[in-house]
Structure formats: C-alpha cells, structure tokens
1. So Tyr199 clears everything in (1) in contact with a His (Cβ under 8 Å, 6 or more places away or on another chain); (2) of a type in the set (Ser, Thr, Tyr); (3) assigned to a helix (DSSP H, G or I) except one condition, right? Which one?
2. Restricting to region 112-131, name every residue that is surrounded by fewer than 19 Cβ atoms within 10 Å (Cβ to Cβ) and either in contact with a helix residue (DSSP H, G or I) (Cβ under 9 Å, 6 or more places away or on another chain) or part of a loop (DSSP other than H, G, I, E, B) (or both).
3. List, please: which pairs have Cβ atoms under 9 Å, are six or more places apart or on different chains, and start with a residue in region 199-226 that is in contact (Cβ under 8 Å) with a residue 24 or more places away in the chain and end with one that is assigned to a strand (DSSP E or B) and among the basic types (Lys, Arg)?
4. Quick check: is even one residue across region 216-238 outside the structural domain of Phe71 (by TED's automatic domain parsing) and among the hydroxyl-bearing types (Ser, Thr, Tyr)?
5. Looking for whichever is touching a Phe, Trp or Tyr at 6+ places or on another chain (Cβ under 7 Å), among the charged types (D, E, K, R) and more than 30 Å from Phe255 (Cβ to Cβ) here; the options are Arg25, Arg30. Which one fits?
6. Under 7 Å between Cβ atoms, at least 6 apart or on separate chains: pull out the pairs that start in region 132-145 with a residue that is surrounded by 15 or more Cβ atoms within 10 Å (Cβ to Cβ) and of a type in the set (Phe, Trp, Tyr) and end on any residue that is assigned to a helix (DSSP H, G or I) and modelled with pLDDT of 95 or more.
7. Can you name the residue in region 11-24 that is of a type in the set (Gly, Ala, Ser) and at pLDDT below 90 and is also nearest to the chain's Cα centre (by Cα) among such residues?
8. Is it the case, given these coordinates, that Asp139 is modelled with pLDDT of 95 or more, closer than 20 Å to Val13 by Cβ and over 21 Å from the mean Cα position of the chain (by Cα)?
Amino acid sequence: MKLIVTSMAGDDVVSGELVSPDGHRYAIDRGVPNFLGAVELTPIEERTKAEYDHVADSIYDVAVNWQFTAFRVDENAVRESMVDMLDLKPGMRVLEVGCGTGRDSFRLARRLGAGGYLHMQDLSPGMVYAGVKKMQEYDREMHFICELDYSISSATALPFADNYFDAVFHFGGFNQFGDLMKGAAELTRVTKIGGRILYGDEAVAPWLKGTEFARIVTTNNALFDADAPLHTLPASARDVVVRWIINNCFYVIAFTKGEGVPELDLDMPHQGWRGGTMRSRYFGQLEGVTVETKQMVKEAAAHAGISIHAWLDQLLKREAAAELGKPDSGKGG
C-alpha cells in the first residue's frame, strides 16, 4: 500500500492515508489505520461497534473488574493461562483480534521480546484508542522491546496476507462476530502452518445448562446463554484444546493450524473377517442383499479361508467380466 502522511510526531505517523493498489483509501487517525471502509458491517457488527465505542473510555474496564470479582476468580491467573496456551516464543509475530483496552495485550507483548511483533486489532475505534493509551502506560512500567502496532477492522475481513502470523489470540467478542464461520476462517487464514490460534467468549458450560446457576448468570447477562462454537473449527485444526474458564461461564478453544484434513492410509488392509480397506468400504459400497444371502456369504468366505471382502471381490469381478464378455481380471485384493 502507498502511505500518504499529513502529520508526524517524531518518527511516528499521526495522520494520513493508506492507498491500496485498487485505489481504496483508508484513513490514519491518531496513528491507527482504519480499514472498516473495506467491508459492509452486519447489523450485529454495527451494534457491537457502537456499544464498545460507548463503553471504551471507562465503563468497559469497570464492568470487567466487577465480573472477575463477582465470579471470584483471579483475572491475572486466568489471562496468563490463556496466553500460555499459545506457547509464545521471543521474536514471534502475533495478532490480537479484539484487543479492547489491552487487558491481554500487555501479557502478549512482554513475552515476545526483541524482534517480536504484536499487532492489536479491534472493530471499535474507541477501544483501539483506549488500548493504545493503556499500552503506553504499561510500556512505561514494563518496557516492551517488541514492536507494537494497531488497526481498526472487522475480524471477518482482516487486512493481512495469508500465513502472516505465528499466533493469533482473541478473547471476549467471538460470539458477536457477524459470521462465526468466516471469523474463525479469517483467524486461521492469517496464521502460519504450525501456528497456534485461540479464541473464546461467554457460554455457560453444557453440564451447567438448566441449573439455577445458569439461570442466574444468563438473567444477569443473556450472552452467557450461548454455546461453545466447536462447529467453527476448521478441518485443518490439530491438537485442539477446549476449556471452560471463569467459573465455567466462558469457553476457550485453542488449536494448531495444520494442512487440510488429517491424513489416512486408505489402503491399509483390515485383518478381520470383513477384510477390505477404508477405501473399499467407503468408495466400493454396493446395494444391500437379503439377510439370508449375507449369512451365506459369511459362511462361504469362512469356508474358503478368506475375508468377506476378498470373497465378494473375486466373485463379483468374475461374474461382471462374464456378463460383459471381458476376460477375467483375476483375483481381487
């Protein structure tokens, strides 16, 4: 993208524009590029953006403080345990989707070290600006040595190339993505093969559904009535971990990005009486037979000392060849 600068503060761009090769222009305000113009937000995204813009300055942190206190859990321990699930190493390139006011951001930043890069994204401009301010305060205390960057965008249309990040972290907004499947796909798309991805949000654990405990927390906040969206996991997910945290009222899903679906040896022969392989059992299915015929086939195969698969394959090849006037191709496998 082409950068057009209108004001600077030292070496940092304060305002300007990014212009894409296709001519789209994205404003930079307070050093943060805004990519929301690239997509049309869904109604839930518009509503979520407005709500978080409204609470960003003070209400949000007060509400989160109340929640951890009311639920009687240690916020520091909970958040550090989630970051642990990413297995971060110094020098990694990490994306935080939905950075909010930085309550997880500083925990990510201090693990990356020299050569590391943390990009903090949120749908809400108000949240991003609050996060920038908080991270500056944290930096004065913790002295981050990784590179920090920010942007405003939709999680369902992230402005990054495929396989760009070593890890992606998101906690606290997944249920309000405009399209859950697309959101999970985007988190996966921008992560390198072998990289770790984590996302989580409200959802009372399944074993608590229907209890008075669940009725209390969902009456207080209807978002807790959600279900953990395991269906959003991609086929490439490996080493999947699912946890319920914060008094079993939030789910966390973490996984490693693999390549495609898991591998199978479709041609490994079964050693049992049925015989065949996964390939023959799946791709070689034929119409069913009567119960009496099935029993006779089992007996005939046993009498011949071979599997049902081998007996049927030989018989059907021989009969089909005869019917078609073709030479018998020999015994089946």
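The values are calculated or read from the model by the stated rules, or taken from the named source; none is laboratory data. This structure is a prediction, so every number in the text was calculated from the model and none was measured. Virtual Cβ from ideal backbone geometry, glycine too; neighbours counted across all protein chains shown.
1. (3)
2. Gly113, Ala114, Gly115, Pro125
3. Partner pairs satisfying both residue conditions: Gly200/Arg243.
4. There is no residue in region 216-238 that is outside the structural domain of Phe71 (by TED's automatic domain parsing) and among the hydroxyl-bearing types (Ser, Thr, Tyr).
5. That would be Arg30, the only listed residue that is touching a Phe, Trp or Tyr at 6+ places or on another chain (Cβ under 7 Å), among the charged types (D, E, K, R) and more than 30 Å from Phe255 (Cβ to Cβ).
6. Every condition considered, the pairs that remain are Tyr138/Phe106; Phe144/Ala109; Phe144/Arg110.
7. Ser20
8. Here the answer is yes, as Asp139 does meet what is asked.
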